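What follows is a short report on a single structure.
The values are calculated or read from the model by the stated rules, or taken from the named source; none is laboratory data. Everything numeric here is computed off the predicted structure, so don't read it as measured data. FYI the Cβ positions are ideal-geometry reconstructions off the backbone, even for glycines, and counts take in every protein chain you see. With ligands, DNA and RNA removed, areas are computed over all heavy atoms of the protein, side chains included. Shrake-Rupley method; radii C 1.70, N 1.55, O 1.52, S 1.80 Å.
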Amino acid sequence: MNDTLFFGCKPLYVMAKPVGARCNLSCEYCYYLEKVNLYADKGENGVMSNELLEHFTREYIESQTLPDVLFQWHGGEPLMRPISFYKRAMELQRKYAHGRRISNVLQTNGTLLNDEWCRFFRDNGWLIGISIDGPQEFHDEFRRFRGGQPSWHKVMRGINLLNKWHVEWNAMAVINDFNADYPLDLYNFFKEIGAHYIQFTPIVERLTANGCGGHLATPSATNATLADFSVSPEQWGQFLCDLFDEWVREDVGKYFVQLFDATLANWVGQEPGVCSTAAQCGQSVCMEHNGDVYSCDHFVFPEYKLGNIRNSTLIEMAYGDKQKLFDNMKGNLPGQCRKCEWLFACHGECPKNRFATTADGESGLNYLCEGYRKFFKHVAPYMDFMKNEIDNRRSPANVMKADIKS
């Protein structure tokens, strides 16, 4: 295959898993911990080898067509690898950069942060994502250590260390059936701890029964039941509306909520910064600790495996026919979606959540559809105003001075 044929199709992003599904926490709603079962019988130690790290680093950089290259380190808990691993990663990045600008982001639960980690992140300009579900009572409901102990205090200790060392960090909160009813409590908490970039992610998972109780259902499963911790469409819609009303009054341009930014991007016809509301899937493939590559972090199931980096190139896998089918999965929408006035704003959201049926009994409707429809209708006048400001080269923050009613 001539790899150059695939260059320029779209940027290549790989979410790398240096420890696979290993983690020091055991969050009740985690969709990734059970992925360790994919490799349980293969005699692997569950961590990325130095040989694979170099192979990946070289090929990932050489596969880029743009001067900026972003390395994304996820888990499991990536801080379960020592600092020496990431120092080696940076040595390899410098070795193979050949003039490209390299940056690194790492998503962590924050409990393992210490002064040494924070000094390393500050000195090397890493962006850190912290997973925290809000104030203690909300966070500790689901995010606990393997022995059942709460984790909030250790996460907050990590955040305080990041602030002490002036490390740039963002917050990511999972919205579930428990904290979804308290949007302002969550939002004000994040403002209080200095989080200016916030991602609120709805948790929707289905389970299939097995001898041990239940495990995550594949996206195509038809006999699965909704997990109790999943946020409801009604909760999600009201959460977003209440959150937006608070944000749009005085925080536009000061605090950045990922979904609000993505919604505005779709409103003005730009590519949103989150794959769930993009027109196509496949913005970022996922690479496990052993080099196996999957279509998406949320689709680490055997049927979505693209290959292994030792046997196929990243370009072959990320731009190949199998991934193209995955990319186009967003277009498989029921008639209700294709006729919806808000299709441009959500594009059917994530395909993994399309297990509901329409009023006409057609399958493929997104489970959260009702919530998104409520949100888009609610914010439409504000989005129209901000789009007009952008079109006329004025600041969308002017919306805070406008007299707009939903």
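Miscellaneous remarks
- Residue, nearest to Val204 (Cα to Cα), within the stretch 140-178, restricted to residues that are free of Cβ contacts under 8 Å to residues at least 60 places away in the same chain and aliphatic (A, V, I, L, M): Ala173
- Of Ile404, Ile315, all but one fail to be farther than 30 Å from Glu205 by Cα and touching a residue at least 40 places away in the same chain (Cβ under 8 Å); the exception is Ile315.
- All of Thr222, Thr218 fail the test of being closer than 22 Å to Gly364 by Cα, touching an Asp or Glu at 6+ places or on another chain (Cβ under 9 Å), open to solvent by 20 Å² or more (accessible area, probe 1.4 Å) and of a type in the set (Ser, Thr, Tyr), apart from Thr218.
- Considering residues of the stretch 122-135 that are within 15 Å of Asn109 (Cβ to Cβ) and not small (Gly, Ala, Ser) only, the residue surrounded by the most Cβ atoms within 10 Å (Cβ to Cβ): Asp133
- All conditions in (1) in contact with a strand residue (DSSP E or B) (Cβ under 8 Å, 6 or more places away or on another chain); (2) among the small types (Gly, Ala, Ser); (3) not in a loop (DSSP other than H, G, I, E, B) hold for Ser312, with the sole exception of (3).
- Residue pairs whose Cβ atoms lie under 7 Å apart, separated by 6 or more positions or on different chains, with the first residue in the stretch 78-91 and touching a residue at least 40 places away in the same chain (Cβ under 8 Å) and the second among the hydrophobic types (A, V, I, L, M, F, W, C) and open to solvent by less than 40 Å² (accessible area, probe 1.4 Å), are Pro78/Val19; Pro78/Leu106; Met80/Val19; Arg81/Val19; Arg81/Val47.
- The listed residues are Val285, Val248, and the only one of them that is surrounded by 15 or more Cβ atoms within 10 Å (Cβ to Cβ), more than 22 Å from the chain's Cα centre (by Cα) and β-branched (Val, Ile, Thr) turns out to be Val248.
- When the stretch 145-194 is limited to residues that are of a type in the set (Phe, Trp, Tyr) and part of a helix (DSSP H, G or I), the one that is most open to solvent (accessible area, probe 1.4 Å) turns out to be Trp152.
- Scanning the stretch 21-78 for residues that are in a loop (DSSP other than H, G, I, E, B) and among the hydrophobic types (A, V, I, L, M, F, W, C), we see that the one that is most open to solvent (accessible area, probe 1.4 Å) is Leu66.
- Taken together, Asn398, Asn392, Asn388, Asn366 contain a single residue that is at pLDDT 95 or above, surrounded by fewer than 16 Cβ atoms within 10 Å (Cβ to Cβ), farther than 23 Å from Glu246 by Cβ and not basic (Lys, Arg), which is Asn392.
Conditions tested, residue by residue: (1) in contact with a helix residue (DSSP H, G or I) (Cβ under 9 Å, 6 or more places away or on another chain); (2) assigned to a loop (DSSP other than H, G, I, E, B); (3) of a type in the set (D, E, K, R); (4) open to solvent by less than 40 Å² (accessible area, probe 1.4 Å).
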{"residue": "Phe85", "(1), (2), (3), (4)": "yes, no, no, yes"}
{"residue": "Arg88", "(1), (2), (3), (4)": "yes, no, yes, no"}
{"residue": "Ile102", "(1), (2), (3), (4)": "yes, no, no, no"}
{"residue": "Thr111", "(1), (2), (3), (4)": "yes, yes, no, yes"}
{"residue": "Glu116", "(1), (2), (3), (4)": "yes, no, yes, no"}
{"residue": "Arg119", "(1), (2), (3), (4)": "no, no, yes, no"}
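- Test: residue in the stretch 231-241 that is more than 22 Å from Gly273 (Cα to Cα) and crowded, with 22+ Cβ neighbours inside 10 Å: yes
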